[in-house]
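So the structure is just underneath, and the comments pick up after that.
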Amino acid sequence: MFLICRLLKLLFGFLDSLSFAPYRRILTYRDKGKLLSQMNKHRNKMGLTPLGRVKLLGQIAYGHSKSMARTKHCDHRGFARRKRIIETKMGISYIGENCFMYPSKRYGRRTAHALLRRWLRSPGHRRNIENSSYKRTGIGIVHRGNYIYATQIFTG
């Protein structure tokens, strides 16, 4: 299906509004570390401890980013379910979440910096980033089409 759509797009150019682009998971520690590094630099300036990474939180965050990419929409739908999973598996009830949909053809240090800047402009997202009670985090980033979908989950 993907190859057929690509061929039709090349031949006729009318499928611009449809996106059959595959998900590209930002897998490497280094790639996700770009965002976490930027965030921990900001937290350090605020006199806060750096956030440690938790694999389970990253997996849950990735699932939400993939869901946002599938619907091409950024939201916190399903947060109560994600929170219940974390409460059950980790025994933690103090949980926050940041989500973002960012137009970009590729993910790199500049994209990570832009994501952080945008989150810091939003009072709710900024509160999560600068919350001294949060000690651990998980990041899930998906690239699909011309967008980066990012979810970050915070816990105490």
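The table below lists the values:
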{"read-out": "Net lengthening on full extension, residue 79/residue 133 (0.36 nm per residue, minus Cα-Cα)", "value": "17.5 nm"}
{"read-out": "Solvent-accessible area per residue, Å², over the stretch 104-156 with all protein chains present [probe radius 1.4 Å]", "value": "45"}
{"read-out": "Rough spin-label spacing in nm, given labels placed 7 Å along Cα→Cβ, for residue 120 and residue 70", "value": "3.4"}
{"read-out": "Above-threshold pairs, the threshold being 28 Å between Cα atoms, out of 72/135; 34/135; 66/135; 105/135", "value": "72/135; 105/135"}
{"read-out": "Virtual spin-label span in nm between residue 92 and residue 105, 7 Å along Cα→Cβ", "value": "3.8"}
{"read-out": "Gap separating the Cα centres of the stretch 107-156 and the stretch 29-87, nearest whole Å", "value": "6"}
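The values are calculated or read from the model by the stated rules, or taken from the named source; none is laboratory data. Keep in mind it's a predicted model, so treat the numbers as computed, not measured. Methodologically, a virtual Cβ is constructed for each residue, glycine included, from the backbone with ideal geometry; neighbour enumeration extends over all protein chains shown. Only protein heavy atoms, including side chains, enter the accessible area calculation; ligands, DNA and RNA are left aside. Shrake-Rupley method; radii C 1.70, N 1.55, O 1.52, S 1.80 Å.
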